[in-house]
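Here is the structure we will look at.
The values are calculated or read from the model by the stated rules, or taken from the named source; none is laboratory data. Because the structure is predicted, anything quoted here is derived from the model rather than measured. When we count neighbours, we look across all protein chains shown, and the Cβ atoms used for this are built from the backbone with ideal geometry, even at glycine.
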Amino acid sequence: MFILNSGVIKKKIKGEFSPQYLFDSHAPSKIKNTFPDVKILIILRNPLEVLYSHYHYEKYFNQTIPEKMSFKESIKKYKFLLNSVKFSKQIKRYQNLFHKSQIKIYIFEEAIMNPREFSKKLYMDLGLINVDFLPDFKVINKSKKVRFKFINKFFNILSAIKNILTRSHSNFFFNFMKSKLYLYIVRFRDKILTINVVNNKKHSLSDNNIKFIENYLKNEILEIEKLLGKDLTIWRKYD
């Protein structure tokens, strides 16, 4: 993104995005140590929708949830699913480390309903002027499932080994991660994983499932409202 003034580029703004930065409890401190003056932009989506999408992703793509296990059973057995939508706790981790002026929080559903107003606010928060670019909010990350499970399992094992080596603080491994060979391996892995997926139809949540999960999320939504000082009735469309 660029700051534009009379058609002249004054300054570049660089950034990146990942939902893992919100989920990962270690991410805030690592970001603080590396980029202490960074701006944090957080977009929150209805936690019920996020939870159901996460369930589908883990079941059909990551394969951490058995294919025959229902949504209800998965919520009861796998705590990481509910932990992934505890937004209030995740936001507080950043608020404890960064000044409030560095953190901007947006609501996904509001952005969808009024993309132009959302864009204007986003650009203003970033310090961008004279920008009239309107983002395209079409779905690009559709629900997917793998063609051949053994391929993903193989790469999951490699990822687990990588995590172990990373935690061991091995200088040899850190130097290897900076090499061109490692970059080629990562690109090859990503290409194989991309080829190995197909679109998967995600069924709508049943009323029974909605009633089951809303009890888990009711207090969390209230906590987020208190934290943001914002009415989130838009997330209670299932009430």
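Among the residues of the stretch 41-62, at least one is at pLDDT 90 or above and part of a loop (DSSP other than H, G, I, E, B). For the residues 196, 219, the requirement of being free of Cβ contacts under 8 Å to residues at least 60 places away in the same chain and closer than 27 Å to residue 165 by Cβ singles out 196.
Just to be sure before I move on: is residue 212 assigned by TED's automatic domain parsing to the domain that holds residue 106 and more than 30 Å from residue 100 (Cα to Cα) in the structure I sent?
Details: assigned by TED's automatic domain parsing to the domain that holds residue 106: yes; more than 30 Å from residue 100 (Cα to Cα): yes.
Taking the combined requirement at face value, the residue satisfies it.
Listed by first and then second residue, the pairs with beta-carbon distance under 6 Å, at least 6 apart or on different chains, first residue in the stretch 14-41 and assigned by TED's automatic domain parsing to the domain that holds residue 98 and of a type in the set (Lys, Arg), second surrounded by 11 or more Cβ atoms within 10 Å (Cβ to Cβ) and in a loop (DSSP other than H, G, I, E, B), are 32/97.
On the given criteria, is residue 106 within 30 Å of residue 71 (Cα to Cα) and touching a Phe, Trp or Tyr at 6+ places or on another chain (Cβ under 9 Å)?
Details: within 30 Å of residue 71 (Cα to Cα): yes; touching a Phe, Trp or Tyr at 6+ places or on another chain (Cβ under 9 Å): yes.
Yes; evaluated as a whole, the condition is true for this residue.
Checking 214, 220, 225 one by one, the residue that is in a helix (DSSP H, G or I) and touching a Pro at 6+ places or on another chain (Cβ under 9 Å) is 220 and no other.
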